[in-house]
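Reviewing the structure listed below.
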Amino acid sequence: MNFRAVLILLTLIPLFSPASTDSINGIMREVETRQLSQERQWLKLLHFEKDFFQSRQSQMDSPLFFLSQDGKKNPQAELLATIQAFFAPVAGMDVNDHPQCRFPARYRWLKNQLKDMALSWPDVDCPRFKAFFEGIRGESVSLVFSSYYLNNPSSAFGHTFLRINKAASLRDGKRYELLDYGINYAAETDTNNAFLYGFKGLFGLFPGKFRSIPYYYKVREYNNAESRDLWEYELSLPQSSVDMLIAHIWEVGPLATDYWYLTENCSYHMLSVLEAADPSVQILDKLDQFVIPADTVRVLWNKTELIKSYSFRPSVRQVYLERWRLLSAEEREELEALAEQLRTRDEITYSQNFLTKDPVSQARILDTFIDYVDFRYSQQVQEAGREEQLKLRVLAKRSENPVAPEAVVIIPKLEEQPHLAHPSGRWGVGALKQLGDDETSILFSHRFALHDRLDPSWGYPKASQISFLDMDFSSGKKLEIENISAFELVSAGAWSRLIPENSWRFKLGVERTRNENFQPTHEGIVRLGSGWTLQKGHFDFSAQLLGEVHYGPHLPHDKLWGGVGPYLEAHFEVNPFWLMQAHIFYRRDSYVGVQDYLRTGIESQWSFTKNLGIRLQYRNERFLERTSLQLFKYY
Amino acid sequence: MKIAQLVIAALLVSGVAHAQKKGLLAEMSGQGYGSAGCGLGSIVMGSDGNQILAATTNGTSGNQTFGISTGTLNCQQDGIFKSGKEVPAFIEVNKVALANDAARGEGETLAGLANLMGCDSQAMGSTMQKNYNKIFVDTNMQPAAIEANIHEVVSKNNICGA
């Protein structure tokens, strides 16, 4: 007799006995008396949340997630239908399709709720769920935050996913994190068109899916390919909750749910499955309407006791920089010589100087060089391009040297830790004085997210600005838009001989300026520029070429015009709470023939805390001079 | 004019979205919940590597920075590796890091592989270092050949239990 037949027989026996109908009826009655359908965990397992209109329904969009027709709106009906379904006969179906096998977390929860009753449960053996559960072998859970990545707009706010930590290896008692499974929730995108991408992302038109992916894959993707740091926050969850989490992920795994870029996104659903797994986890209601990945980490850290410990997995860039720091001046010269050959030759040869060094020093140089290539030429390394071929030969050289690599331990300073960052939303109120205006007007501002280079610098990449929906209004004689940055990005990564990267900036928005008649005017603007940034300690200096396109519907002459010119900026961090910058920008415009434009500006922010700061700005440009003072509150 | 453009764009978008939703539902109901292959991220990648990236970053499919040329991750069912497929998938995804570790004689990736194969990681490190050329250069970094050669050198050197 085959396995399946035995299984069917075993499950049929209790089913057709009178006891089972008694059980169902008993359970139904008990569920009613105890009002289990209103229990927090049941609602969380069904992903019931209040929506924007304050009506409560499940956020799961697939009808396959519900056993009752009413399931999306009625948790009671779904519970009763679920109980019925759990007692359904297995005969005639793939056992893996049995409701107990599809909804193992619900089944566990129900049994646990009624464990004080002597009931006969018709346990079904679910081979595929069992394989999943045992394959994951979860003992604990970490929330992993992957840091900001400006080169990919959808990752600019960072990303979070879960790692289910395996028990220590039975063989040697050690943990091998790379062999854990990660649980990721992501939009399954289907377009390269930036407009469509943004639109569909914002309006929930991409399907979102949970995926189980080996952690090593995420490490290679983030740490190596994109040079993003990973922060791993281990959560204190009991084993029973870890088991529930795995069972619940199984329930939502096969479904597609609408992915909302700003609300029901990757970070949101990592927390929603945690809440489903453990009723004592309460975090969603501590979040804003909009969910920024970094904010979830900060809220977990500040407002819950869930984070047990955290660790840092540096990107290949950080590892390379650390190795470089450990080199002596002479060793750095050798490294540069190798890097130069990599750029210009088709073969790496080792100088006499290198060959006469002791093996320890040689190993240090080669190890630094290996990480350098991986970081600097990550694309070519993945695609087995020229640089990778040369690196493989350097590896052969390294393999002849038995000296162990120097251990690289990077312990980020407190001010670099993302969970200690300022909140990403920002309100501002202040005063604005413009030359020619008699009165000072009141200035209001609100920024949706995330960070600019004058905000307190704790926890954010120091060389970057990521502003999303930053709006300034002034109220003098009437309410006016002063500035809108739909998107403003600045990447001021420092240039060095070994890492000759460009710095760049981009803005899409609306600015209020003055036309040639000194009349205020609003202009839509797209600005893009690129150049170089040099850094010395806490000081950096950028020189860039900017191009702009302006559209001013109320301009007296050309409504659409462009300009281009050099932009110089100096930025200085006195300390993480006191920053300043100044710029000068000359532009040649196509407006009414050709015109010159010059703008200078200086601004500084002093922050009392990570949540409160004061910013002074002065700007002088053609036809306009303005000074403002604003108090910022981060929330 | 501007409004007209927006309307057209919106119509286009909703059209695409609609088509896509229909496609998804069809796929779901056709396969049935949780049956054959569609489970939790049987990270099914299509024939092109693009999809895998889409599946992993919270992100774009343009600007692709990380993809895997062939599909060993297809060896997953319901998000878990089928038995015997863990080692080849590990080698394929990690081959660059593995070559680095082998050349240095140790490292996290190499230790992970040693654990998967039930080998002593220290012994495996020095064996792979000594056989670096055979494993990575002679094989031209082809994953299957790397795997075969690793198996060959570890069994010759008798460093794996069992």
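The values are calculated or read from the model by the stated rules, or taken from the named source; none is laboratory data. The model shown is predicted, which means the values in this text are computed figures rather than measured ones. Neighbour counts are summed over all protein chains in view; Cβ atoms, including those assigned to glycine, are modelled from backbone coordinates with ideal geometry. Quick note on the areas: whole protein, heavy atoms, side chains included, nothing else; ligands and nucleic acids left out. Shrake-Rupley method; radii C 1.70, N 1.55, O 1.52, S 1.80 Å.
In table form, for the structure just shown:
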{"read-out": "Scan of segment A:217-252 for residues that are within 11 Å of chain B (Cβ to nearest Cβ) and in contact with a Gly (Cβ under 6 Å, 6 or more places away or on another chain), ordered by number", "value": "A:Lys218, A:Ile246"}
{"read-out": "Some residue of segment A:470-481 being modelled with pLDDT under 95, within 30 Å of A:Ile365 (Cβ to Cβ), out of contact with any Asp or Glu (no Cβ under 8 Å at 6 or more places or on another chain) and assigned to a loop (DSSP other than H, G, I, E, B)", "value": "no"}
{"read-out": "Selection from segment A:381-407 of residues that are surrounded by fewer than 17 Cβ atoms within 10 Å (Cβ to Cβ) and within 11 Å of another protein chain (Cβ to nearest Cβ)", "value": "A:Glu383, A:Ala384, A:Gln389, A:Arg393, A:Ala396, A:Lys397, A:Glu400, A:Pro402, A:Ala404, A:Glu406, A:Ala407"}
{"read-out": "Failed criterion for A:Val319 (all others in (1) touching an Asp or Glu at 6+ places or on another chain (Cβ under 6 Å); (2) over 30 Å from A:Phe145 (Cα atoms); (3) of a type in the set (A, V, I, L, M); (4) touching a residue at least 60 places away in the same chain (Cβ under 8 Å) hold)", "value": "(2)"}
{"read-out": "Residue count for segment B:108-134, restricted to those that are under 20 Å from the mean Cα position of the chain (by Cα) and facing another protein chain (nearest Cβ under 10 Å)", "value": "8"}
{"read-out": "Residue count, segment A:258-273 (criterion: closer than 17 Å to A:Ile164 by Cβ and more than 14 Å from the chain's Cα centre (by Cα))", "value": "2"}
{"read-out": "Number of the exception - A:Phe444 against (1) among the aromatic types (Phe, Trp, Tyr); (2) within 14 Å of another protein chain (Cβ to nearest Cβ); (3) outside any helix (DSSP H, G or I)", "value": "(2)"}
{"read-out": "Total residues in segment A:418-443, condition open to solvent by 50 Å² or more (accessible area, probe 1.4 Å) and either closer than 26 Å to A:Val299 by Cβ or not hydrophobic (A, V, I, L, M, F, W, C) (or both)", "value": "8"}
{"read-out": "Boolean, A:Arg332 is farther than 23 Å from A:Phe210 by Cα, open to solvent by less than 40 Å² (accessible area, probe 1.4 Å) and at pLDDT 95 or above", "value": "no"}
{"read-out": "When residues of segment A:11-34 are limited to those that are within 11 Å of A:Phe87 (Cα to Cα) and at pLDDT below 50, the one surrounded by the most Cβ atoms within 10 Å (Cβ to Cβ)", "value": "A:Thr11"}
{"read-out": "Any hit, segment A:105-112, residues being more than 18 Å from A:Gln35 (Cα to Cα), open to solvent by less than 10 Å² (accessible area, probe 1.4 Å), outside any loop (DSSP other than H, G, I, E, B) and within 14 Å of chain B (Cβ to nearest Cβ)", "value": "yes"}
{"read-out": "Test: residue in segment A:367-378 that is touching a residue at least 40 places away in the same chain (Cβ under 8 Å), at the interface with chain B (Cβ under 10 Å from one of its Cβ atoms), under 30 Å from A:Leu450 (Cα atoms) and open to solvent by 20 Å² or more (accessible area, probe 1.4 Å)", "value": "yes"}
{"read-out": "Residue under evaluation A:Leu355, criteria (1) at pLDDT below 95; (2) surrounded by fewer than 17 Cβ atoms within 10 Å (Cβ to Cβ), criterion not met", "value": "(1)"}
{"read-out": "Output for segment A:186-226, where each listed residue is open to solvent by less than 30 Å² (accessible area, probe 1.4 Å), over 30 Å from A:Leu321 (Cα atoms) and not in a helix (DSSP H, G or I)", "value": "A:Ala186, A:Ala187, A:Thr189, A:Thr191, A:Gly204, A:Phe206, A:Pro207, A:Gly208, A:Lys209, A:Phe210, A:Arg211, A:Ser212"}
{"read-out": "Exclusive hit being in a helix (DSSP H, G or I) and in the same structural domain as A:Leu245 (by TED's automatic domain parsing), set A:Asp367, A:Asp285", "value": "A:Asp285"}
{"read-out": "Test for A:Pro99: is it out of contact with any strand residue (DSSP E or B) (no Cβ under 9 Å at 6 or more places or on another chain), without any contact (Cβ under 8 Å) to a residue 40 or more places away in the chain, open to solvent by 60 Å² or more (accessible area, probe 1.4 Å) and closer than 25 Å to B:Gln77 by Cα", "value": "no"}
{"read-out": "Those residues of segment A:227-253 which are in a loop (DSSP other than H, G, I, E, B), at negative phi and open to solvent by 10 Å² or more (accessible area, probe 1.4 Å), in sequence order", "value": "A:Asp229, A:Ser236, A:Leu237, A:Pro238"}
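So that you can scan it fast, the table gives a plain yes or no per residue for (1) out of contact with any His (no Cβ under 6 Å at 6 or more places or on another chain); (2) among the polar types (S, T, N, Q); (3) open to solvent by 20 Å² or more (accessible area, probe 1.4 Å):
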residue	(1), (2), (3)
A:Tyr460	no, no, no
A:Lys477	yes, no, yes
A:Gly493	yes, no, no
A:Lys507	yes, no, no
A:Arg514	yes, no, yes
A:Ile525	no, no, no
A:Leu528	yes, no, yes
A:Gly531	yes, no, no
A:Gln535	yes, yes, yes
